[in-house]
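The values are calculated or read from the model by the stated rules, or taken from the named source; none is laboratory data. Note that this is a predicted model, so its numbers are computed, not measured. Positions of Cβ are backbone-derived with ideal geometry, glycine not excepted, and every protein chain shown enters the neighbour counts.
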Amino acid sequence: MVFSLATGRKRFSELTEKEILALAISSEEDDARIYRGYAESLRQDFPSSARIFDSMAEEEDGHRRRLIDLFKSRFGDTIPLIRREHVAGYYARRPVWLIENLGLDRIRAEAALMERDAENFYTNAAARSTDAETRKLLGDLARAEAGHSERADQLTEEHLDDRARDTENETAHRQFVLTWVQPGLAGLMDGSVSTLAPIFATAFATQDPWTTFLVGLAASIGAGISMGFTEAASDDGKLSGRGSPFKRGLSSGVMTTVGGLGHALPYLIPDFWTATVIAIAVVFVELWAIVWIQNRFMQTPFFRATLQVVLGGALVLAAGVLIGSG
């Protein structure tokens, strides 16, 4: 009881059957709203999956109505307002805005987790209960939640045939490429190539690893900030369908910084020639990684990607060495 007074919440073991039923009603209502939120966020790009979540919301509404009927028959028409956050240790739901922008697979996984959380909670609560009626009520709720999972599988089969699944997976892949891969690849190319000349020019002009590292660090971070803001400000994604400008800017900015730091970090090694040899090796690893990404995700022919990236990067590297040596 001290814990309850300190936190303003009750333990589940302290709830009456009336309160448990009220809590179940509010939980079913919240879950239906979450599923409808998922459906709305998916409706434009993934209509088949949106219909699944619409149906799951209707299932939750049906359970809620049956729970309300049971409550009225036992306790009357006034249902106390008891929500998850009022009960210590009760499972919580993540806010919709943390999930709905993370992609189709993440939303599907979250929905499955929602049902498992509810089922496991009611099952464990029933096992701990000493009151026969409470145990029966919790057991019924656990079976209802297990039924939700089975029903979700049935709805998937009804609404998401192989063709619809392939179409939605292709759409999700395309969205992933447009939102994350394309701006990230542009950032990696810019960070890896554009910083070559200043870093290696500084290296050969000073032959001072620490000074070279500082120049590389500044160039990488500066380029990352610039690329990130440029990508985010260039397109809000609404008409182009390229997704959130924040995500694209983050991907571009981070990968630009990573691309530059890759061949700047070796200059933390005090010996100039050791650091330089490692940095040049890192450069070619970065360039071949860019070629692979272009070929894998952007369907750029391997030979053309190699010619564009590796040859271009080698020329920039040579220019930096020649300028620094002169």
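Out of all the residues in segment 42-76, which are touching a residue at least 24 places away in the same chain (Cβ under 8 Å), more than 15 Å from Asp30 (Cβ to Cβ) and more than 31 Å from the chain's Cα centre (by Cα)?
Within segment 42-76, Leu70, Phe71, Arg74, Phe75 qualify.
Any chance segment 81-104 includes a residue that's over 34 Å from the mean Cα position of the chain (by Cα) and modelled with pLDDT of 75 or more? If you could, list the steps in order and put the result at the bottom.
Applying the first criterion (over 34 Å from the mean Cα position of the chain (by Cα)) to segment 81-104 yields none.
Taking every residue of segment 81-104 in turn, none turns out to be over 34 Å from the mean Cα position of the chain (by Cα) and modelled with pLDDT of 75 or more.
Quick check: anything in segment 240-255 under 17 Å from Ala201 (Cβ atoms), in contact (Cβ under 8 Å) with a residue 24 or more places away in the chain and not in a helix (DSSP H, G or I)? First the steps, then the outcome.
Step one: list which residues in segment 240-255 are under 17 Å from Ala201 (Cβ atoms), which gives none.
So far as segment 240-255 goes, no, none of its residues is under 17 Å from Ala201 (Cβ atoms), in contact (Cβ under 8 Å) with a residue 24 or more places away in the chain and not in a helix (DSSP H, G or I).
Going through Glu150, Glu133, Glu170, Glu157 one at a time, which residue ends up being farther than 27 Å from Gln44 by Cβ, in a helix (DSSP H, G or I) and at pLDDT below 65? Let's see the steps before the verdict.
Numbers: Glu133 fails: at pLDDT below 65; Glu170 fails: farther than 27 Å from Gln44 by Cβ; Glu157 fails: farther than 27 Å from Gln44 by Cβ.
The unique qualifying residue is Glu150.
Scan (1) surrounded by fewer than 18 Cβ atoms within 10 Å (Cβ to Cβ); (2) over 16 Å from Asp140 (Cβ atoms); (3) over 32 Å from the mean Cα position of the chain (by Cα); (4) not β-branched (Val, Ile, Thr) for the single condition Lys10 breaks and write down its number.
That leaves (1) as the condition not met.
Residues that are crowded, with 17+ Cβ neighbours inside 10 Å and under 18 Å from Leu138 (Cβ atoms): does segment 70-78 have at least one? Show your work before the answer.
Pass one, segment 70-78, residues crowded, with 17+ Cβ neighbours inside 10 Å: 71.
Applying the additional criterion that residues be under 18 Å from Leu138 (Cβ atoms) yields 71.
Yes, the conditions are met somewhere in segment 70-78.
Within segment 291-304, restricting attention to residues that are at pLDDT below 85 and part of a helix (DSSP H, G or I), which residue is surrounded by the fewest Cβ atoms within 10 Å (Cβ to Cβ)? Step through it out loud before you land on a result.
Keep residues of segment 291-304 that are at pLDDT below 85, which gives 293-304.
Next, only the ones that are part of a helix (DSSP H, G or I) stay: 293-297, 302-304.
Working: Ile293: 20, Gln294: 21, Asn295: 16, Arg296: 12, Phe297: 16, Phe302: 12, Phe303: 10, Arg304: 12.
Here the answer is Phe303.
Step by step: first the residues of segment 18-41, then only those that are touching a residue at least 40 places away in the same chain (Cβ under 8 Å) and aliphatic (A, V, I, L, M), then the one that is nearest to Arg64 (Cα to Cα). Which residue is that? Before the answer, list the steps.
Filtering segment 18-41 down to residues touching a residue at least 40 places away in the same chain (Cβ under 8 Å) leaves 18-27, 30-31, 34-35, 37-38, 41.
When the remaining residues are screened for being aliphatic (A, V, I, L, M), the result is 20-25, 34.
Numbers: Ile20: 13, Leu21: 10, Ala22: 10, Leu23: 11, Ala24: 8, Ile25: 5, Ile34: 14 Å.
For segment 18-41, the residue satisfying everything is Ile25.
Kindly indicate whether Leu250 is in contact with a Gly (Cβ under 9 Å, 6 or more places away or on another chain) and surrounded by 15 or more Cβ atoms within 10 Å (Cβ to Cβ).
yes
Give the residues of segment 256-273 that are out of contact with any Pro (no Cβ under 8 Å at 6 or more places or on another chain) and in a helix (DSSP H, G or I), sorted by residue number.
Here is the first cut: in segment 256-273, the residues out of contact with any Pro (no Cβ under 8 Å at 6 or more places or on another chain) are 256-266, 273.
Passing the criteria: Thr256, Thr257, Val258, Gly259, Gly260, Leu261, Gly262, Leu265, Pro266, Trp273.
In this structure, is Ser244 at pLDDT below 85 and hydroxyl-bearing (Ser, Thr, Tyr)?
Values: at pLDDT below 85: yes; hydroxyl-bearing (Ser, Thr, Tyr): yes.
In short, yes.
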